[in-house]
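Let me begin by presenting the structure, written as structure tokens, before commenting on it.
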Amino acid sequence: MMNRWKASGIHLLISILVVGSILLALLFTWYPPAIMGISKADKLIYLLAGVDIVIGPLLTLIVFKTGKPSLKFDLSVIALLQICALSFGLYTIWQSRPVFMVAADDRFYLVFANEIDPVALSLAKEKEYSSLSLTGAKLVSASAPVDLSKTISFGSIPDIQNQPQYFGKYEKYAEALMEQSLPVIADKNNATPKSITSAARKWAEKNNMKPESLRYVPINSSRGSGIMIMEIAGKKPLAALNVNPWGMESTFK
């Protein structure tokens, strides 16, 4: 005979399977581990998962009673509450998903969907930059036109990473970005933080690469920061790491 504990347990298992599947999908599309840390999306996702997994089974435990006339209605309301909570959470995540990884200045900028104004999006000169990515951050570069950059006393156009009209293929900016990159192992000219060296060494060992063949640049976002590991030979980004790019400690002595 079904009792409230068994019913709650079954509900908990179903909730874990549903939410777990959604989390796996998010990890393989919008939020791989490093990007999740840099964008601080982990807190929102874990909150969503926690609420959805707890609210349904807990309410089922409270209301379930064999033979109760309104049991089907009560369980339907609980299921509806779960669906509403999950839908609201997913909509929030959708609205703030990462859509562009922009190479500009001396770093990468991780840009989220709600940071791109629809009007700015419509001004994109290339069709591939006129829509927001559905499958993760699209790698692009951004360069200010010469006539506009002359009017700026420092840096480039403000928030150029949010202006698709200035976007182009990453390869156009690869050389300039690599010239401004930093070694993952400190030398006499650069004092690399220990945290970066340690993380880069671990990544290099895991991927059968030599740390000396790698450099890094910061990743900035409105929510957090990290680093991008770069390949010297190919001048291309290899992996984002959730490491503070501005650590004060130095590994060079």
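The values are calculated or read from the model by the stated rules, or taken from the named source; none is laboratory data. On a predicted model such as this, the values are computed, not experimentally measured, just so you know. Heads up, the Cβs are rebuilt from the backbone with ideal geometry, glycines too, and the neighbour counts pull from every protein chain shown.
Being part of a helix (DSSP H, G or I), modelled with pLDDT under 85, over 18 Å from Ser87 (Cβ atoms) and not aliphatic (A, V, I, L, M) holds for only one residue in Lys6, Lys72, Lys43, and it is Lys43. Inspect region 208-228 for any residue being of a type in the set (A, V, I, L, M) and farther than 25 Å from Phe100 by Cα and give the result as yes or no. Yes, there is a match, as at least one residue in region 208-228 is of a type in the set (A, V, I, L, M) and farther than 25 Å from Phe100 by Cα. Of all residues in region 202-238, exactly one satisfies the criterion of being touching a helix residue (DSSP H, G or I) at 6+ places or on another chain (Cβ under 6 Å), closer than 16 Å to Ile35 by Cα and surrounded by fewer than 18 Cβ atoms within 10 Å (Cβ to Cβ), namely Gly224. Looking only at residues of region 118-130 that are in contact with a strand residue (DSSP E or B) (Cβ under 9 Å, 6 or more places away or on another chain) and surrounded by 13 or more Cβ atoms within 10 Å (Cβ to Cβ), we find that the one that is nearest to Val102 (Cα to Cα) is Tyr129.
Of everything in region 188-206 that is in contact (Cβ under 8 Å) with a residue 24 or more places away in the chain and not hydrophobic (A, V, I, L, M, F, W, C), the residue that is nearest to Trp246 (Cα to Cα) is Pro193. Which number in (1) over 22 Å from the mean Cα position of the chain (by Cα); (2) modelled with pLDDT of 90 or more; (3) loosely packed, with under 13 Cβ neighbours inside 10 Å marks the one condition that Leu148 misses? With respect to (1) over 22 Å from the mean Cα position of the chain (by Cα); (2) modelled with pLDDT of 90 or more; (3) loosely packed, with under 13 Cβ neighbours inside 10 Å, Leu148 is out only on (2). Can you confirm whether Ile16 is surrounded by fewer than 16 Cβ atoms within 10 Å (Cβ to Cβ), part of a helix (DSSP H, G or I) and over 20 Å from the mean Cα position of the chain (by Cα)? Yes; evaluated as a whole, the condition is true for this residue.
Applying the selection to region 79-111, what residues are outside any loop (DSSP other than H, G, I, E, B) and under 30 Å from Pro183 (Cβ atoms)?
Pro98, Phe100, Met101, Val102, Ala103, Ala104, Arg107, Phe108, Tyr109, Leu110, Val111
One line per residue, one yes/no per condition, for (1) under 23 Å from Val140 (Cβ atoms); (2) touching a Phe, Trp or Tyr at 6+ places or on another chain (Cβ under 9 Å); (3) among the aromatic types (Phe, Trp, Tyr); (4) not assigned by TED's automatic domain parsing to the domain that holds Asp105:
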{"residue": "Ile196", "(1), (2), (3), (4)": "no, yes, no, yes"}
{"residue": "Glu212", "(1), (2), (3), (4)": "no, no, no, yes"}
{"residue": "Arg215", "(1), (2), (3), (4)": "yes, no, no, yes"}
{"residue": "Pro218", "(1), (2), (3), (4)": "yes, yes, no, yes"}
{"residue": "Arg223", "(1), (2), (3), (4)": "yes, yes, no, yes"}
{"residue": "Ile229", "(1), (2), (3), (4)": "yes, yes, no, yes"}
{"residue": "Lys236", "(1), (2), (3), (4)": "yes, yes, no, yes"}
{"residue": "Asn244", "(1), (2), (3), (4)": "no, no, no, yes"}
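Of the residues making up region 63-113, those that are aromatic (Phe, Trp, Tyr), touching an Asp or Glu at 6+ places or on another chain (Cβ under 9 Å) and surrounded by fewer than 20 Cβ atoms within 10 Å (Cβ to Cβ) number 0.
Just a yes or no: is a residue in region 119-128 not aliphatic (A, V, I, L, M) and not in a helix (DSSP H, G or I)?
Let us first name the residues in region 119-128 that are not aliphatic (A, V, I, L, M), namely 122, 125-128.
After this cut, where a residue has to be not in a helix (DSSP H, G or I) as well, the list is 125-126.
Yes, some residue in region 119-128 is not aliphatic (A, V, I, L, M) and not in a helix (DSSP H, G or I).
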